[in-house]
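Beneath this line is the structure, given in structure tokens, with notes to follow.
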Amino acid sequence: MPEPIENAPPATETPAAGQQTPASEDLRFATQTPGQPFEVAVLALQNLTIFPETVVPLGIGRPRSLAAVEAALATPEKLLSCITVRPDRSDDTDAGSKDLYEVGTLVMIKRMERVAEGMRIIAQGTERIRVVEWKQEDPHMRAVVEILPEPRTVDAEQVEATKRNLQQMIQDALALLPNVPPEVRIAVLGSVDAVRLSYFLGSILNLGVEEEQRMLEANTADELVSLAHANLARELEIMQLRSKIASEAQTEMDKAQRDYVLRQQMRAIQKELGEDETGEAAETELLRERLEKAELPDEVRAEADRELKRLQRLPPAAPDYHVIRTYLEFILELPWLKSSESKLDLAEARRILDEDHYGLEDVKERILEFLAVIKLRPDTKSPILLFVGPPGVGKTSLGRSIARALGRQFERMSLGGVRDEAELRGHRRTYIGAMPGRIIQSIRRAGVNNPVLMLDEIDKLGNDYRGDPAAALLEILDPQQNNTFRDHYLDLPFDLSKIFFIATANQLGPIPPPLRDRMETIRLAGYSDREKLEIARRYLAPRQTTENGLNNAQLKITDDAIETIASLYTREAGVRQLERTIGSVARKVALKIAQAQAETVTVTGNDLRDYLGPPRFYPEQARKELPAGVATGMAWTEMGGEVLFIEATLLPGGRGLTITGQLGEVMQESARAAQSYLWSHAAEFGIDSSIFKDFGVHLHVPAGAIPKDGPSAGVTITSALASLYTGRRVRPDTAMTGEITLSGLVFPIGGVKEKVLAAHRAGIRRIILPSRNEADVEDIPEDVRHELQLIFVSGIAEVLDAALEVLVANPPPIMADAARGGRNPEPEPLTVKG
Amino acid sequence: MRNTDREFSLIRTDRRVVPSGRLWNPAADVYRVADGWVVKVDLAGVCSDELEIELHDSFLSIRGCRKDTHYREGFVYHQMEITYSRFEKSIQFPDRIEGASIRQDYRDGFLIINLRSEQG
């Protein structure tokens, strides 16, 4: 730094001047005498004007400025000229004399301290100066300057008026500036001198160098005050506008701030709950890693990546965040490409099926056929099997056995009561609480993409305005389409074609034909008493024994007891009730043993009354004697088969045909057809045709509370009516079934096995069947068939020949239902199938 | 140094500029004594030759200029906190002061001015 040493202090003659001027007026304004030029160091001011009678802190950093201050400090009076750089030249890094205005302010340096950047000084403006002559540029500028007189007042009143106005405006301005230091406030309001006030305003208002310079150069108080007034008025307006904007912005801010505070609080709460952002970030990171590792098809990976990107952009508080996260997790859990090794050994499969199920020979045979095809052509589309049969015959457990035989996962889903298509196919993700459909959920549970998937109770699907789930099943069960099954939730194709679908139903009827068409139907009829005995001996009794805490030595149930339970305590085609009843016997025995009343118990048929009370069912036994007008028929129900009686009686003086017993349309029509046939062939059968005119007929089918329908009772109704009209009784050991036509033909019916088994159970030994049902006899277990006399007929004449006794002299009155015992009090749906 | 800091920061908090008088106004105490007044002015370092004291009616004016007389060639200022300036101190008394003799004196850096009645 250049060392500025200036001797010859310029103001030596000042005291003399002071002495010369006796009035205080002079000295008040003069550090130097006006009009007497002297030489002084000059400091260039960038973007700043210093007015007289103001104190300004200045930072000094440029070499020339530092040199100027050093030079001023080297004088006894520490005086310095400060001149502003013209605004159009202010870019210069170190302004020279040509860049400065000519008028500036003489300042006295009150304080100085050195700082890292150079110096800081506090300068007090004293009076205005004008440059008379430039003396030096470097190391600092020097000039000969003259003191300018204080602006003089021309029109005192005008100045005073403007000053008062100024003060009023300052009051207004201060109201808008809450942060003005009190000393400034006092100084401004207390200022009585118009010139001082104007100079101060000039220095505190942000006017720009040009305007400030104009004020500094003003030579009259009038001009100075009016400039100050104009500038303050403009500033005030801007300030008011600014404050208005600011207050509007404040309202905005308040809302933003409130949101911010709430968000901070939420973050704090999340942190407390262990859900803070770092946790969330780690979570998305974890998801990303899992996605990278997961085996996914390309299309799925692309979608998952897209969703993951969305997730990373979302704050955890966003409602979509969890939706996307759940979705991604679900994608990760689905076995897109994971399948279980299919091992298929037919001999082993046979062994497993035999081990799990007794009987059902034909069913097992058909299952094995399908498995054989799969073994020969592994890429073949798996067949879709439909097991139809009464409850408790083992449909579900057959499915389980198939899965075991194939070595695949088994998953079961019940379709009973499903009435919304969305339950199968899921909801679109846009819905709140959307979930994938049951199919996809079952696959996720299975963990592999080729499980054995059992669709239970497919005949109990609902169907209403919300959609038809059966229609969704059409796609799911179509091997041509289901390799790109799209669940609404996933919205990605999933290959269902590797799944081995098995459906179960109690009835075929309610299943829509297109759906039935996609499946291979396998019927499971009920079990015969002998089969039930075997099943009970092999599976049910041992299972119930152990389940009730007993061992084989402690409880023995004789065959006789099992048969009695099956016939007198249960009534079903399957074995569920049988098992339950054996279970209750086992519990009673367990109680005895636990109370140490016995060590081992053998239950025989005779003991059952003690364990189970009186028999709950008397099977519809063949009546020992049938009065004329009563015939034994057979019905198919969901529970298997049943024997039913059709009773007809003559109503003297009555008319037409009265039909009771909850008969459906079809059955009523077949009753009318039977009567018409007999009427038209009256002579043939030796019936007096006047009987049709003179007597009405009442036809009743017990039990009256159970609805019955179907054409298969046609043959039985005809026999009953023929018996009534001819007086020849129907043979009580004979049961019959078959649809009739008006021309006297007998048509085939369904459910032969169940019906025959029921009749056999009831003690019937002669059965009349339509000849076209002869093939169905194959289904009837050998042992049962041997005990039966089956008569195949193709016309009504043959039926009557076989059914009616040869002659009865006096037809006894229709007897009350003497031979029948109590029925199951629970009304069961009984549908007679044709 | 601390003082300086405080002054700088105080000024800089808001407007950087504060108004001031044009001249330095040194502090003064005024004592009333039995036969007149004693005025003590905090005015060290001022040579009495450069001091102008004037009594006019009830006003006492003290004017002058404090200059830095210690500065020598080769000195470099490191810090400056003392004000060197022209000054003017004007003191008004309750009454017109007439016939008083003015005596000035420096004691311990204070300028002492005695205004005593000549009759007293």
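Checking the structure you have, find out if any residue of the range A:93-101 is within 10 Å of chain B (Cβ to nearest Cβ), assigned to a strand (DSSP E or B) and surrounded by 22 or more Cβ atoms within 10 Å (Cβ to Cβ).
No.
Would you say A:Asp694 is over 21 Å from A:Ala635 (Cα atoms) and either at pLDDT below 85 or among the charged types (D, E, K, R) (or both)?
So A:Asp694 fits the description; yes.
How many residues are at the interface with chain A (Cβ under 7 Å from one of its Cβ atoms) and of a type in the set (Lys, Arg) when one looks only at the range B:49-70?
Residues in the range B:49-70 being at the interface with chain A (Cβ under 7 Å from one of its Cβ atoms) and of a type in the set (Lys, Arg): 2 in total.
Of the residues A:Val209, A:Val184, A:Val180, which single one is at pLDDT below 80, at negative phi and touching a strand residue (DSSP E or B) at 6+ places or on another chain (Cβ under 8 Å)? Explain how you work it out, then say what you get.
On the way: A:Val209 fails: at pLDDT below 80; A:Val180 fails: touching a strand residue (DSSP E or B) at 6+ places or on another chain (Cβ under 8 Å).
Of A:Val209, A:Val184, A:Val180, the one residue that is at pLDDT below 80, at negative phi and touching a strand residue (DSSP E or B) at 6+ places or on another chain (Cβ under 8 Å) is A:Val184.
Mind counting the residues in the range B:71-102 that are farther than 15 Å from B:Glu54 by Cβ and more than 13 Å from chain A (Cβ to nearest Cβ)?
Total meeting the criteria: 3.
With respect to A:Glu150, determine if the residue is surrounded by fewer than 17 Cβ atoms within 10 Å (Cβ to Cβ) and more than 60 Å from the chain's Cα centre (by Cα). Explain how you work it out, then say what you get.
Working: surrounded by fewer than 17 Cβ atoms within 10 Å (Cβ to Cβ): no; more than 60 Å from the chain's Cα centre (by Cα): yes.
The answer is no for A:Glu150.
If you take the residues of the range A:691-743 that are of a type in the set (S, T, N, Q) and either within 60 Å of the chain's Cα centre (by Cα) or assigned to a loop (DSSP other than H, G, I, E, B) (or both), which of them is surrounded by the fewest Cβ atoms within 10 Å (Cβ to Cβ)?
Across the range A:691-743, the extreme among qualifying residues is A:Ser743.
From the set of residues in the range A:58-82 that are in a strand (DSSP E or B) and out of contact with any helix residue (DSSP H, G or I) (no Cβ under 8 Å at 6 or more places or on another chain), which is surrounded by the most Cβ atoms within 10 Å (Cβ to Cβ)? I'd like the intermediate steps shown before the answer.
Going through the range A:58-82, the residues in a strand (DSSP E or B) turn out to be A:58-60, A:79-82.
From what is left, the residues that are out of contact with any helix residue (DSSP H, G or I) (no Cβ under 8 Å at 6 or more places or on another chain) are A:58-59, A:81-82.
Working: A:Leu58: 22, A:Gly59: 12, A:Ser81: 25, A:Cys82: 23.
Selected residue: A:Ser81.
Within the range A:116-140, how many residues are in a strand (DSSP E or B) and under 22 Å from B:Tyr84 (Cβ atoms)?
The number of residues fulfilling the criteria is 12.
Checking A:Leu80 against (1) at pLDDT below 90; (2) within 14 Å of chain B (Cβ to nearest Cβ); (3) out of contact with any Lys or Arg (no Cβ under 9 Å at 6 or more places or on another chain), which single condition isn't satisfied?
All conditions are met except number (1).
Touching a strand residue (DSSP E or B) at 6+ places or on another chain (Cβ under 8 Å) and farther than 26 Å from A:Ile367 by Cβ: which single residue out of A:Asp468, A:Asp420, A:Asp459 fits that description?
A:Asp420
A:Ser676 is checked against (1) at pLDDT 85 or above; (2) surrounded by 14 or more Cβ atoms within 10 Å (Cβ to Cβ); (3) closer than 17 Å to A:Val715 by Cβ and fails just one. What number does that condition carry?
Single failed check for A:Ser676: (2).
I'd like the residue in the range A:102-115 that is part of a strand (DSSP E or B) and more than 10 Å from chain B (Cβ to nearest Cβ) and, out of all such residues, is surrounded by the fewest Cβ atoms within 10 Å (Cβ to Cβ).
A:Val103
Residues to consider are A:Val55, A:Val85, A:Val42; find the one that is more than 8 Å from chain B (Cβ to nearest Cβ) and either at pLDDT below 90 or surrounded by fewer than 23 Cβ atoms within 10 Å (Cβ to Cβ) (or both).
Criteria check complete, one pass: A:Val85.
May I ask you to say which residue of A:Ser397, A:Ser442 is part of a helix (DSSP H, G or I), under 24 Å from the mean Cα position of the chain (by Cα) and among the hydroxyl-bearing types (Ser, Thr, Tyr)? Don't jump to the end; show me each part of the working.
Working: A:Ser397 fails: under 24 Å from the mean Cα position of the chain (by Cα).
Selected residue: A:Ser442, the only one of A:Ser397, A:Ser442 that is part of a helix (DSSP H, G or I), under 24 Å from the mean Cα position of the chain (by Cα) and among the hydroxyl-bearing types (Ser, Thr, Tyr).
If we only count strands (runs of 3 or more DSSP E) wholly inside the range B:15-120, which ones have 3 or more residues that are in contact with a Ser or Thr (Cβ under 9 Å, 6 or more places away or on another chain)?
B:51-56, B:59-65, B:86-92, B:100-107, B:110-117
Can you spot a residue in the range A:513-526 that is of a type outside the set (D, E, K, R), touching a helix residue (DSSP H, G or I) at 6+ places or on another chain (Cβ under 9 Å), farther than 21 Å from A:Arg366 by Cβ and surrounded by 17 or more Cβ atoms within 10 Å (Cβ to Cβ)?
no
Please determine, by comparing only the residues of the range B:76-87 that are touching a residue at least 24 places away in the same chain (Cβ under 8 Å), crowded, with 20+ Cβ neighbours inside 10 Å and not basic (Lys, Arg), which one is farthest from B:Val33 (Cα to Cα). It would help to see each step written out before you state the result.
Applying the first criterion (touching a residue at least 24 places away in the same chain (Cβ under 8 Å)) to the range B:76-87 yields B:79, B:81-83, B:85-87.
Retained after the next criterion (residues that are crowded, with 20+ Cβ neighbours inside 10 Å): B:85-87.
So of that shortlist, the ones also not basic (Lys, Arg) come out as B:85, B:87.
On the way: B:Ser85: 31, B:Phe87: 26 Å.
So the residue we want is B:Ser85.
Take the range A:62-92 and flag every residue that is closer than 15 Å to B:Val76 by Cβ and polar (S, T, N, Q).
A:Thr75
Taking the range A:202-221 on its own, how many of its residues are under 14 Å from A:Thr105 (Cα atoms) and within 14 Å of chain B (Cβ to nearest Cβ)?
The total comes to 5.
Starting from residues that are of a type in the set (Val, Ile, Thr) and surrounded by 13 or more Cβ atoms within 10 Å (Cβ to Cβ), keep the ones in the range A:270-308 and report whichever is modelled with the highest pLDDT.
A:Val300
Please go through the range A:474-518 and pick out each residue that is without any contact (Cβ under 8 Å) to a residue 60 or more places away in the chain, in a helix (DSSP H, G or I) and more than 26 Å from the chain's Cα centre (by Cα).
A:Pro513, A:Pro514, A:Leu515, A:Asp517, listed by residue number.
Given A:Thr716, A:Thr726, which one is in contact with a Phe, Trp or Tyr (Cβ under 7 Å, 6 or more places away or on another chain) and either under 22 Å from A:Gly795 (Cβ atoms) or not assigned by TED's automatic domain parsing to the domain that holds A:Leu657 (or both)? Step through it out loud before you land on a result.
On the way: A:Thr716 fails: in contact with a Phe, Trp or Tyr (Cβ under 7 Å, 6 or more places away or on another chain).
The conditions single out A:Thr726.
Residues that are in contact (Cβ under 8 Å) with a residue 12 or more places away in the chain, touching a Lys or Arg at 6+ places or on another chain (Cβ under 7 Å) and either assigned by TED's automatic domain parsing to the domain that holds A:Gly641 or not in a strand (DSSP E or B) (or both): does the range A:370-383 have at least one?
no
Name the single residue that is modelled with the lowest pLDDT among those in the range A:448-498 being more than 19 Å from A:Met519 (Cβ to Cβ) and basic (Lys, Arg).
Here the answer is A:Arg466.
Going by the structure shown, is A:Val808 at pLDDT 80 or above and surrounded by 14 or more Cβ atoms within 10 Å (Cβ to Cβ)?
Judged against the criteria, A:Val808 is not a match.
When you check A:Arg185 against the structure, is it free of Cβ contacts under 8 Å to residues at least 24 places away in the same chain and basic (Lys, Arg), yes or no?
For A:Arg185, the condition - free of Cβ contacts under 8 Å to residues at least 24 places away in the same chain and basic (Lys, Arg) - is met.
Is there a residue being under 23 Å from A:Leu524 (Cβ atoms), part of a helix (DSSP H, G or I), touching a residue at least 40 places away in the same chain (Cβ under 8 Å) and of a type outside the set (Phe, Trp, Tyr) anywhere in the range A:325-348?
yes
The values are calculated or read from the model by the stated rules, or taken from the named source; none is laboratory data. Computed from a predicted model, the values in this text were never measured in an experiment. For neighbour counting, all protein chains shown are included, and Cβ atoms are generated from backbone atoms with ideal geometry for every residue, glycine included.
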